[in-house]
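Enquirer: Below is the structure I would like to discuss, written out as structure tokens.
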There are 4 protein chains.
Amino acid sequence: MTPSLRQRTWLQLSGDPVGDGRLSLVNWLLVVVIVAAVTCSIVATEPEIESRFGVQLNALEYVFGACFALEYAARIWTAPENPEAGSAGRKRLRFILSPLGLVDLAVLVVTLLPMLMPGVAVLRLARLLRLLMLAKLGRFSSAFHDLARAIHDRRYELYVTISLATFLLLFGAAALYLAEGDVQPDKFGSIPRALWWSIITLTTVGYGDVSPITPLGKVMASIVALAGIGLVAMPTGIMAAAFSDAMQRHRGEEKD
Amino acid sequence: MTPSLRQRTWLQLSGDPVGDGRLSLVNWLLVVVIVAAVTCSIVATEPEIESRFGVQLNALEYVFGACFALEYAARIWTAPENPEAGSAGRKRLRFILSPLGLVDLAVLVVTLLPMLMPGVAVLRLARLLRLLMLAKLGRFSSAFHDLARAIHDRRYELYVTISLATFLLLFGAAALYLAEGDVQPDKFGSIPRALWWSIITLTTVGYGDVSPITPLGKVMASIVALAGIGLVAMPTGIMAAAFSDAMQRHRGEEKD
Amino acid sequence: MTPSLRQRTWLQLSGDPVGDGRLSLVNWLLVVVIVAAVTCSIVATEPEIESRFGVQLNALEYVFGACFALEYAARIWTAPENPEAGSAGRKRLRFILSPLGLVDLAVLVVTLLPMLMPGVAVLRLARLLRLLMLAKLGRFSSAFHDLARAIHDRRYELYVTISLATFLLLFGAAALYLAEGDVQPDKFGSIPRALWWSIITLTTVGYGDVSPITPLGKVMASIVALAGIGLVAMPTGIMAAAFSDAMQRHRGEEKD
Amino acid sequence: MTPSLRQRTWLQLSGDPVGDGRLSLVNWLLVVVIVAAVTCSIVATEPEIESRFGVQLNALEYVFGACFALEYAARIWTAPENPEAGSAGRKRLRFILSPLGLVDLAVLVVTLLPMLMPGVAVLRLARLLRLLMLAKLGRFSSAFHDLARAIHDRRYELYVTISLATFLLLFGAAALYLAEGDVQPDKFGSIPRALWWSIITLTTVGYGDVSPITPLGKVMASIVALAGIGLVAMPTGIMAAAFSDAMQRHRGEEKD
């Protein structure tokens, strides 16, 4: 029995039609469209490009809008092919209310809305929301589920290290507030202000817009920097280890 | 036999009344009060907020003071419920003199003192001491004991790597003192002054307020930076590994 | 039977004539010539040195050209000694068209061309191409094959982490474009412009030429910095782990 | 039979008289003197301190000189107690010519020389050499032998990663020399000049004294930064791993 058009469309959209771990042709096209749409919305924020290629970029938006509308319609249409229990209407509703379904809808709205209401402030915010499109790429990869699980497994370590890092950030800010609050009141005049210094220093970014100038402030900043950099890097280190574990587990399962 | 009020209060305060690894309701409330009190004392250092919400912040201080006084009194009252040997008075004294008991007292004094003596200089220092409140959160977690043990286990590695890092910091400072001491006397005119450069460079913060300008200084700074960054990061790396071990051991024990 | 001159030359050029894992004398000489040639072409870009030692550097170029020409000729001449199937001409052609053969040719052309046509613009570009010579050093080490294999093994992890890092770089740029686009239009006036901030911050370089100045911008930058630094460092961490694995595998094979 | 004074002195000087892994009293005193002497020579470079406490610091130098002279004499006197083959004179000569013996001599000369010849230039250089005293602390720890061995074990990895890092530093410098050489000739006008940018960026220090200003330069710098930071950090990561291995091996041997 040859599969129906709806069956074939669902298989194409669901990512892995042949079961060999490769993306389907339709999904490859969707990846290209998503990357192109995100690139366009990023590039369009540049005034020089907007003023020169504004018309072309606008035309592309219509193409992207059509693609996303078509995809959304197709996903709703083929939702009943999902081998779960329930009626066709129920399956369609479940897709619409699923996280990925909501992202699809949000991306569609965000793409079409600025065409209908070309208000400046709205457009600007909407453009940012288009970055959500990248989340759609997550559909094509089970890695993000593994990652979420791995982070959940280490929530205890994360809680402790984030506590320690927060304490150190506050302690560093308080130390420099006491040391330099009177000398540079605009930069260290309160702990919230000094927190900017503390975060930029302990992440080792170090812009240099805020730095101690008195000997006492420099001594305190040195102690805070030497003691704190490792602690502030710990939560991200644990995240990286969790991610690495998730990847290895994923590969192990794939091999089985 | 139903437990007495003192028994139930002690169980609530001791953190894990049912033995299922969850915080008791009273402890959750204490965590909220501590975080709120610390946030208040941080926010209150900002002059703009102080001038606008000073009255409200002051009122909140009375609430926090009452909470901490109540907690401290309850902990002394319920101390005899502690299943250790000794008379009730002895157990109470032991709690008062224990590290956490002293932190409780310090936090209470630091919260109440500025209300009694609103002297500016004292207030400012006292505000910093309120960060001690965060240490109270440590009561709710045995992770810090594991961490302390793990650091103790690696004291030898820490001693050697801190020695190496110190040597490199001093060597870098001496190298740039020789190279640029005459050109930028205010920044590299002595080894203690050059140490500020050395610490900010080898922690990779790099504010840019102090950097070599002569070719010789740049060559020396390049060598110091390339050779030293790994060495200065080593103690914090060892601390992170010790912490990670402590967490795993802790989880292993919990599972048993 | 004593080996012919061509056989001995080929053994010398092929890197390991005695089979004890050491470089042959001829290869040591070639390493010295390559390092010297690269150093010369780097140093020659410095106008002060060019104006003072230009004649000497030019003379050295003729020496390097002669060495590379001789090496290239010798490699073509001895190619038939390669114990593969095929006629002498075929083996020579295969060497000429192999990646390393093409690098040899490119380096030779790049060294000789500026002597024949001393056009300024061409010279400048050609000098950069001379850095290709360093790739010739890769011939003497099988480590790069191991590395390439290890990276290929982890292409899945790399794909996921690079996606995450890219998303975070874009998200950070978008956040600061929204927060500071109006205040600092030349720095945050579009997402592509804000990307420069985002890359320099999340790699923790932090030049300080671009940094937020409004409280909202600082809060957003703090969140992006604290959340993102670990994620952006993840692809390079995976590369480092892949490399470390490749090295250990290589050593394991060497021991067998 | 009670040990002679020379035997007891030798045991005290050799570090571990009872064999319980603890430093002897004499060695503890020496550690204190060395740390004090290094601190003095660092602090004395600060003109403000020199002008105020110059006399006291000078007096301390005589104390340190006496201590080091006494220690050196005692080490030569007790050298024959070393349980090696050879006559007493041979053992003494062997100590004098051993690396640690030479450091002892150098430190002694460097401490005494400025008292005999108070020439300014000599003093300044001599002060730096006093940092050698810290190397004397190495005598009290076998960790540095383990470290040296571990680095030697990984010399192959270090060679490959240092090659890659060097290539990337040169490539980054060349890229920005091409992109910004004409715009900022004093900063990127030659590859050696651009190397300063390349090193400060790829170590993530990022002072901000040198950074690209053209769009092309920023794009190239972004690519170099994203690709290169992991590679440049690799040699130091390998060193850290080697060190960590050495420490574990050392502890394993101690337990046996």
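The values are calculated or read from the model by the stated rules, or taken from the named source; none is laboratory data. It should be emphasised that the depicted structure is a prediction, and the values quoted were computed from it without experimental measurement. Using ideal geometry, Cβ is built from the backbone for each residue, glycine included, and neighbour counts are taken over all protein chains shown.
Enquirer: Within region A:191-202, restricting attention to residues that are buried (at least 21 other Cβ atoms within 10 Å of the Cβ) and facing chain B (nearest Cβ under 9 Å), which residue is nearest to B:Ala241 (Cα to Cα)?
Expert: A:Leu202
Enquirer: For region B:211-220, check the following and say yes or no: at least one residue is surrounded by fewer than 21 Cβ atoms within 10 Å (Cβ to Cβ) and hydroxyl-bearing (Ser, Thr, Tyr).
Expert: Yes: region B:211-220 contains one or more residues that are surrounded by fewer than 21 Cβ atoms within 10 Å (Cβ to Cβ) and hydroxyl-bearing (Ser, Thr, Tyr).
Enquirer: Mind listing whichever residues of region A:176-190 are surrounded by 24 or more Cβ atoms within 10 Å (Cβ to Cβ) and more than 7 Å from chain B (Cβ to nearest Cβ)?
Expert: A:Leu176, A:Glu180, A:Phe188, listed by residue number.
Enquirer: Okay, moving on. Can you run down the residue pairs with Cβ atoms below 6 Å, 6 or more apart or on separate chains, where the first is in region C:78-98 and assigned by TED's automatic domain parsing to the domain that holds C:Leu108 and the partner is outside any helix (DSSP H, G or I)?
Expert: Partner pairs satisfying both residue conditions: C:Lys91/C:Asn82.
Enquirer: Related question: Look at B:Phe53 and say whether it is modelled with pLDDT under 90, aromatic (Phe, Trp, Tyr) and closer than 24 Å to A:Phe171 by Cα.
Expert: Yes: the conditions hold for B:Phe53.
Enquirer: Need pairs with beta-carbon distance below 7 Å; first residue among the polar types (S, T, N, Q) and within region C:192-209, second not in a helix (DSSP H, G or I); sequence gap 6+ or separate chains.
Expert: C:Thr201/A:Val205; C:Thr203/D:Thr204; C:Thr204/A:Thr203; C:Thr204/A:Thr204; C:Thr204/A:Val205; C:Thr204/B:Thr204; C:Thr204/D:Thr204
Enquirer: Oh, and also: Say whether the condition of being under 20 Å from A:Leu164 (Cβ atoms), in a helix (DSSP H, G or I) and touching a Gly at 6+ places or on another chain (Cβ under 7 Å) is met by at least one residue in region B:144-162.
Expert: Yes.
Enquirer: Taking B:Ile223 as the residue in question, decide whether it is in a helix (DSSP H, G or I) and within 22 Å of B:Glu157 (Cβ to Cβ).
Expert: Taking the combined requirement at face value, the residue does not satisfy it.
Enquirer: If you take the residues in region D:30-70 that are of a type in the set (Asp, Glu) and part of a helix (DSSP H, G or I), which one is nearest to A:Pro215 (Cα to Cα)?
Expert: Among those that are of a type in the set (Asp, Glu) and part of a helix (DSSP H, G or I), it is D:Glu48.
Enquirer: Does C:Leu29 satisfy being touching a helix residue (DSSP H, G or I) at 6+ places or on another chain (Cβ under 8 Å), assigned by TED's automatic domain parsing to the domain that holds C:Val109, under 30 Å from D:Ser198 (Cβ atoms) and at pLDDT below 90?
Expert: Criteria not met by C:Leu29.
Enquirer: Could you please find all residues in region C:203-219 being facing another protein chain (nearest Cβ under 7 Å) and outside any loop (DSSP other than H, G, I, E, B)?
Expert: Within region C:203-219, just C:Lys218 meets the criteria.
Enquirer: If you go through region A:149-172, how many residues are facing chain B (nearest Cβ under 8 Å) and either touching a Ser or Thr at 6+ places or on another chain (Cβ under 6 Å) or small (Gly, Ala, Ser) (or both)?
Expert: Of the residues in that region, 1 qualify.
Enquirer: Then there's this: Can you name the residue in region C:233-256 that is more than 10 Å from chain D (Cβ to nearest Cβ), more than 16 Å from D:Ile229 (Cα to Cα) and in a helix (DSSP H, G or I) and, of all such residues, is modelled with the lowest pLDDT?
Expert: Checked region C:233-256; the qualifying residue modelled with the lowest pLDDT is C:Lys255.
Enquirer: I would also like to ask the following. Looking only at region B:184-208, which residues are farther than 16 Å from D:Asp209 by Cα and either outside the structural domain of B:Ala221 (by TED's automatic domain parsing) or not hydroxyl-bearing (Ser, Thr, Tyr) (or both)?
Expert: B:Pro185, B:Asp186, B:Phe188, B:Gly189, B:Ile191, B:Pro192, B:Arg193, B:Ala194, B:Leu195, B:Trp196, B:Ile199, B:Leu202
Enquirer: Scan region A:33-40 and give yes if some residue there is modelled with pLDDT of 85 or more, surrounded by fewer than 16 Cβ atoms within 10 Å (Cβ to Cβ) and among the small types (Gly, Ala, Ser), otherwise no.
Expert: Looking through region A:33-40, at least one residue is modelled with pLDDT of 85 or more, surrounded by fewer than 16 Cβ atoms within 10 Å (Cβ to Cβ) and among the small types (Gly, Ala, Ser).
Enquirer: In the list A:Ala126, A:Ala73, which residue meets the criterion of being at pLDDT 90 or above, over 30 Å from B:Phe243 (Cβ atoms) and in a helix (DSSP H, G or I)?
Expert: A:Ala73
Enquirer: Moving on to the next point. Does A:Gly230 count as within 8 Å of chain B (Cβ to nearest Cβ) and not in a helix (DSSP H, G or I)?
Expert: Criteria not met by A:Gly230.
Enquirer: Of the numbered conditions (1) aromatic (Phe, Trp, Tyr); (2) more than 13 Å from B:Ala175 (Cβ to Cβ); (3) outside any loop (DSSP other than H, G, I, E, B), B:Trp197 fails exactly one; give the number of that condition.
Expert: Condition (2) is where B:Trp197 drops out.
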